[in-house]
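J.: The following block contains the structure, expressed as structure tokens.
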Amino acid sequence: MPENVHFPLPYLAISILFMVSTFGFVISFYLLVKFLTRKGRLSGFQKLCLVKTIPNIIVCSSFLLWVIPLSIIQPLEVSRLPNVVVGQVAGADECGYIYDPKFFTWTPEPYQCADFQLNVLLYSVFALAIISNSLNFITAMKLLFSNAFGLGMSQVDNARRRRRRVMMFIQSVVQDCLHMVDLINCTYICLLSSDLWFQFTFLTLSFVLIYALDGLVMLHFHPELQPKFMQPRQTSMVSKPMFTVVSIIN
């Protein structure tokens, strides 16, 4: 982009990034604490959710501690090493994914290595999402149509078990699709316009928003971990005894 181009309404963009990254950090950190302090043994799926909170926290923290301060300070030069470390752990020079505070965008470095690495990441996420969702779908269908009465389960327990497995499947699909959407945004959608706010939306905001939404999805599908103000209120009907007073006047 030309050097004389300035990002319009920069503090609006900074405010949006701050709110989204803070929201994502708080939710994922809350889930991490809840999973770690949960009574009883965690299931395999809950352990997977616990692990997923860690990259969510790291990404949201990188925005709070690196992206937003850089965007406010607007330094003339940004050291490449910390910029690459925050963006990703690069194995070689010219393979980094860096943040440009002048244009508020995360972009791969303009080298063949960085482009190749981005393509590998894109196709890897697509392949893993397809494999993961296929296995989840097969498992969900198997459990949905299986007969659990032979295992000594009651009809109520069987229905509860099926519902839990289906919800796990839906959560996995939604989370996989979120990251696919982010990669589509940063690989294809961002090419549709060179407008700075368009680039900001589909490169930078999409990046942190996906990780914030990932934590929100996990919180939604684990109602037992939700804070009390998010749980539906159950109005209890208190039956008051009724007394009939019979007055006998002699």
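The values are calculated or read from the model by the stated rules, or taken from the named source; none is laboratory data. The shown structure was predicted, so the numbers you read here are calculated from the model rather than taken from an experiment. A quick note on method: Cβ atoms are made from the backbone with ideal geometry, for glycine too, and the neighbour counts reach across all protein chains shown.
J.: What are the residue pairs meeting all of these: first residue in segment 205-234, first residue under 30 Å from Phe103 (Cα atoms), second residue charged (D, E, K, R), Cβ atoms under 7 Å, and 6 or more apart or on different chains?
T.: Ser206/Asp182; Phe207/Asp182; Ile210/Asp182; Asp214/Lys52
J.: Which number in (1) buried (at least 19 other Cβ atoms within 10 Å of the Cβ); (2) at pLDDT 90 or above marks the one condition that His222 misses?
T.: (1)
J.: Return the residue satisfying two criteria in turn: it lies in segment 197-221 and is over 22 Å from Leu64 (Cβ atoms) and part of a helix (DSSP H, G or I), and of such residues it is nearest to the chain's Cα centre (by Cα).
T.: Checking each candidate, the answer is His220.
J.: Additional query: For segment 86-105, state whether one or more residues are assigned to a helix (DSSP H, G or I), within 20 Å of Tyr211 (Cα to Cα) and at pLDDT below 90.
T.: yes
J.: Further, regarding this structure: Just checking, which of Tyr11, Tyr30 is surrounded by fewer than 19 Cβ atoms within 10 Å (Cβ to Cβ), of a type in the set (Ser, Thr, Tyr) and within 26 Å of Phe169 (Cβ to Cβ)?
T.: Tyr30
J.: Could you check segment 1-42 and list, in sequence order, the residues that are more than 20 Å from the chain's Cα centre (by Cα) and closer than 23 Å to Asp176 by Cβ?
T.: Leu42, the sole residue that qualifies.
J.: Mind counting the residues in segment 1-40 that are of a type outside the set (A, V, I, L, M), out of contact with any helix residue (DSSP H, G or I) (no Cβ under 8 Å at 6 or more places or on another chain) and either modelled with pLDDT of 95 or more or assigned to a helix (DSSP H, G or I) (or both)?
T.: 2
J.: What tally of residues in segment 176-196 results from selecting those that are in contact (Cβ under 8 Å) with a residue 12 or more places away in the chain and not in a helix (DSSP H, G or I)?
T.: 1
J.: Just checking, which of Leu70, Leu118 is modelled with pLDDT of 70 or more and surrounded by 12 or more Cβ atoms within 10 Å (Cβ to Cβ)?
T.: From the options Leu70, Leu118, the qualifying one is Leu70.
J.: Next question. Here is a check on your reading of the model: is Phe63 farther than 26 Å from Gln199 by Cβ, touching a helix residue (DSSP H, G or I) at 6+ places or on another chain (Cβ under 9 Å) and part of a helix (DSSP H, G or I)? Full working, then the answer.
T.: Numbers: farther than 26 Å from Gln199 by Cβ: no; touching a helix residue (DSSP H, G or I) at 6+ places or on another chain (Cβ under 9 Å): yes; part of a helix (DSSP H, G or I): yes.
No: the conditions fail for Phe63.
J.: Here is a follow-up. So Ala159 fits all but one of (1) modelled with pLDDT of 75 or more; (2) under 30 Å from His179 (Cβ atoms); what number is the exception?
T.: (2)
J.: Evaluate segment 138-146: report whether one residue or more is among the hydrophobic types (A, V, I, L, M, F, W, C) and modelled with pLDDT of 70 or more.
T.: Yes, that holds for at least one residue.
J.: Something else about it: Considering segment 14-27 alone, what residues qualify as being buried (at least 17 other Cβ atoms within 10 Å of the Cβ) and polar (S, T, N, Q)?
T.: Listed by number, the list holds a single entry, Ser21.
J.: Could you please let me know if Val174 is aliphatic (A, V, I, L, M), under 24 Å from Leu209 (Cβ atoms), at pLDDT 80 or above and in contact with a helix residue (DSSP H, G or I) (Cβ under 6 Å, 6 or more places away or on another chain)?
T.: yes
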